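Take a look at the structure set out below.
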Amino acid sequence: MSDLHVHTQDVDDFGTVRVRVLDAKADAGLVHGWVSEERAAFWGMNGLTEDQVAEIYAHMDTLDTHHAYLLEKDGEPVGLLQTYEPEADRVSECYAVEPGDIGVHLLLAPAGTDGARAGWSSALLGAVASYVLVGLDRRRVVVDPDVRNEKAIARFLRQGFVAGERVVLPEIDIPDVYLPEKHAQLAFLRREVAFPG
């Protein structure tokens, strides 16, 4: 296994899911294609050039608190995963961070010409939960999708996440990062719920 792969999991009736460290430069074209689509508007990168996307992820790679990965199914890229330490993120201004919390942002690749893929979201979210809760030994995952992103919210709730408060994440405007204010639906998944026993 390559050092860039940090997690591998065989998912019954789905395939092998691997979590690979994102290469900001080499993966920029792929990621730019995904984040430029209208369906990815809530990701906040619509309108950026490939170079700008590469710069954002190159900057993230310098941080100890925020990390980016590609999700692969049987060797094919199928999603973008970002993890972060909530106490080092604006979300910490909106809820009481507990020891062992980890934040996650997830963008699934477009379905392609064959249309919707039954069970993909659940299988990939299950592998992500296994990586962050078991592999990274965390107690709880927090997600903060945009309140208008009803599909993502429903997907998390179906996976066992419990809805928290609706909050307003404050605008961030510092030299290396700009994030507009965001109305978000918090949701949480505890390790004992995801992996009972």
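The values are calculated or read from the model by the stated rules, or taken from the named source; none is laboratory data. A quick note: this is a predicted structure, and the numbers were derived from the prediction, not measured. Here Cβ is always computed from backbone atoms with ideal geometry, including for glycine, and neighbour counts include all displayed protein chains. Surface accessibility is based on the protein's heavy atoms, side chains included, excluding ligands, DNA and RNA. Shrake-Rupley method; radii C 1.70, N 1.55, O 1.52, S 1.80 Å.
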> Solvent-accessible area per residue for the chain at a 1.4 Å probe radius, Å²?
Replying inline: 53 Å²
> For the chain, taking Cα atoms only, what is the radius of gyration to one decimal and the Dmax to the nearest whole Å?
Replying inline: 16.0, 46
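When N counts the residues of the range 108-197, how does its alpha-carbon radius of gyration compare numerically with 2.2 N^0.38 Å, as a ratio?
It is 1.24.
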>> Need one word for the range 7-109: rounded, prolate or oblate. Basis is the Cα gyration tensor (sqrt eigenvalues a ≥ b ≥ c); a/c below 1.5 gives rounded, then a/b vs b/c decides.
In response: oblate
> Of all accessible surface on the range 1-119 at a 1.4 Å probe, what whole percent is carbon and sulfur?
Replying inline: 49 percent
> Among residues other than Tyr69 whose Cβ falls under 12 Å from its Cβ, what is the net charge (Lys/Arg +1, Asp/Glu -1)?
Replying inline: -2
> Among the aspartates and glutamates, which have Cα under 13 Å from the Cα of Lys73 when same-chain residues fewer than 8 positions away are ignored?
Replying inline: Asp10, Asp12, Asp13
> At a Förster distance of 30 Å, what's the computed FRET efficiency of Gln52 paired with Thr16, Cβ-Cβ distance as r, to 0.05?
Replying inline: 0.40
> Normalised by the number of residues in the chain, what is the relative contact order in percent for Cα pairs under 8 Å and 6+ residues apart?
Replying inline: 16 percent
>> I need the calculated FRET efficiency for the pair Leu63 and Lys151, taking r as the beta carbon distance and R₀ as 30 Å, to the nearest 0.05.
In response: 0.55
>> Using +1 at the C-beta of Lys and Arg and -1 at the C-beta of Asp and Glu, which of Trp43, Leu63, Val21 has the Cα lying farthest in the positive direction of the dipole of the chain?
In response: Trp43
>> What's the magnitude of the charge dipole for the chain around its Cα centre, counting Lys and Arg as +1 and Asp and Glu as -1 at the beta-carbon? Answer in Debye, nearest 20.
In response: 760 debye
> Taking the Cβ of Ile172 as the center, what net charge do the other residues with Cβ under 13 Å away carry, scoring Lys and Arg +1 and Asp and Glu -1?
Replying inline: -4
>> Please compute the modelled spin-label separation between Ala111 and Glu181, points set 7 Å along Cα→Cβ, answer in nm with one decimal.
In response: 3.5 nm
